[in-house]
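Written below as structure tokens is the structure these notes are about.
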Amino acid sequence: MAVHAHCDDETITMGGTLAVYADRGVKTCVVCCTDGKLATIVDPNMPEETTRPHLAEIREAELREACRILKVDEVEFLRYGDSGMVDTPTNLLPDAFWMTPLNEATGRLVAQIRRFRPHVVVTYDGNGGYGHPDHIQAHRATLLAVEAAHLSPLFKDAGEPWRVEKLYYTAFPRREMKRIVEMAKQAGMDPPFGDQNPDEMAFLTPDEFVTTTIDCASVIGRKRDALRAHRSQISEDWPQLTLPDDVMRQFADEFFQLVISRHPAVLPETDLFSGVTPQA
Ligand SMILES: [Zn+2]
């Protein structure tokens with residue numbers, strides 16, 4: 001079960017992983033917390049005036065299409081209001097996910113966990129990956145829900161208790177960004193974040209936090225198609241859509257940080273399910 005803030009976060013951060021596990025017969029579920037209605041619309045064929053009023057529905061359809069391509073089994077929408085970027089007035093809108101009482105959001109995720117009964121849950125780290133309020137709220141509610149879901153006195157109306165075996169945060173290692181910058185320079189291309197030094201990019205994960213690497217080379221094409229399905233959000237010049245296949249194959253890994261494991265973990269690992277024993 002992957003808990004994300006907005007439609008497209010699932011594909012950008014772990015679309016390859018979802019496809020890889022679907023191919024292995026693992027049942028997967030994406031939970032999207034917000035309606036994403038405040039996002040920038042990048043598709044020039046989607047005019048602001050006519051698209052904005054329907055953006056929430058458009059993004060839901062995009063997510064469903066991306067998940068069809070990735071072969072995700074279930075897609076769930078919590079439909080909280082998008083809070084907008086950090087420190088913008090929309091953070092304080094009454095329907096904003098950021099303003100939702102944490103107990104309420106946690107209860108809805110507990111219900112999702114008890115319904116779907118995942119062995120493994122993935123969400124963001126405490127900074128939400130890059131500081132977006134909706135990502136931070138998704139992190140907080142998911143972390144609490146994973147621990148509350150197996151405690152029968154909590155959220156009694158949300159289903160039978162279920163214990164998640166492992167919780168991960170999505171990660172983008174500093175060393176991987178350094179490798180990308182180096183490769184771009186050698187190829188005479190512009191690095192994805194211009195002249196910024198990877199050591200100063202706050203959204204990157206310290207290398208020592210990264211525990212788990214998933215090889216997604218076998219599903220590069222599907223990840224690209226899923227990225228393209230989010231056409232209101234992702235333009236054709238997105239780096240992963242423009243790089244040739246042979247280059248993409250060298251950067252096909254997706255990364256995670258293991259934060260909860262009910263069994264002693266052997267790290268580093270290359271499988272989110274290593275050590276997981278099937279439950280009745
Ligand atoms: Zn997002």
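Cβ-Cβ below 8 Å, separation at least six or inter-chain, first residue in segment 243-271 and over 14 Å from residue 169 (Cα atoms), second at pLDDT 90 or above and aromatic (Phe, Trp, Tyr): which pairs?
Correct list of pairs: 243/251.
Cβ contacts < 9 Å: first residue closer than 13 Å to residue 255 by Cβ, restricted to segment 6-22; second residue β-branched (Val, Ile, Thr) and within 9 Å of the ligand (Cβ to nearest atom), any location; separation 6+ or different chain. Result?
Once the first residue is closer than 13 Å to residue 255 by Cβ and sits in segment 6-22, no partner that is β-branched (Val, Ile, Thr) and within 9 Å of the ligand (Cβ to nearest atom) comes close enough.
Working only within segment 175-193, note down all residues that are touching a helix residue (DSSP H, G or I) at 6+ places or on another chain (Cβ under 6 Å) and either within 20 Å of residue 10 (Cα to Cα) or not in a helix (DSSP H, G or I) (or both).
Within segment 175-193, 177, 191, 192 qualify.
Which of the helices (runs of 4 or more DSSP H) found entirely inside segment 2-83 contain at least 1 residues meeting this: hydroxyl-bearing (Ser, Thr, Tyr) and either more than 20 Å from residue 231 (Cβ to Cβ) or assigned by TED's automatic domain parsing to the domain that holds residue 105 (or both)?
Because the criterion is at least 1 residues that are hydroxyl-bearing (Ser, Thr, Tyr) and either more than 20 Å from residue 231 (Cβ to Cβ) or assigned by TED's automatic domain parsing to the domain that holds residue 105 (or both), the helices (runs of 4 or more DSSP H) in segment 2-83 that meet it are 9-23, 48-51.
Which one of 152, 218 is away from the ligand (no atom under 16 Å from the Cβ), among the hydroxyl-bearing types (Ser, Thr, Tyr) and part of a loop (DSSP other than H, G, I, E, B)?
Of 152, 218, the one residue that is away from the ligand (no atom under 16 Å from the Cβ), among the hydroxyl-bearing types (Ser, Thr, Tyr) and part of a loop (DSSP other than H, G, I, E, B) is 152.
Within segment 136-180, which residues are touching a residue at least 40 places away in the same chain (Cβ under 8 Å), more than 25 Å from residue 271 (Cβ to Cβ) and not aliphatic (A, V, I, L, M)?
Within segment 136-180, 137, 155, 159, 160, 161 meet the criteria.
Listed here are the residues, each with its yes/no results for (1) under 22 Å from residue 168 (Cβ atoms); (2) touching a residue at least 60 places away in the same chain (Cβ under 8 Å); (3) of a type in the set (Phe, Trp, Tyr); (4) surrounded by fewer than 16 Cβ atoms within 10 Å (Cβ to Cβ).
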| position | (1), (2), (3), (4) |
| --- | --- |
| 56 | no, no, no, no |
| 69 | no, yes, no, no |
| 83 | no, no, no, no |
| 122 | yes, yes, no, no |
| 125 | yes, yes, no, no |
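The values are calculated or read from the model by the stated rules, or taken from the named source; none is laboratory data. These numbers were taken from a predicted model, which means no experiment stands behind them. Methodologically, a virtual Cβ is constructed for each residue, glycine included, from the backbone with ideal geometry; neighbour enumeration extends over all protein chains shown.
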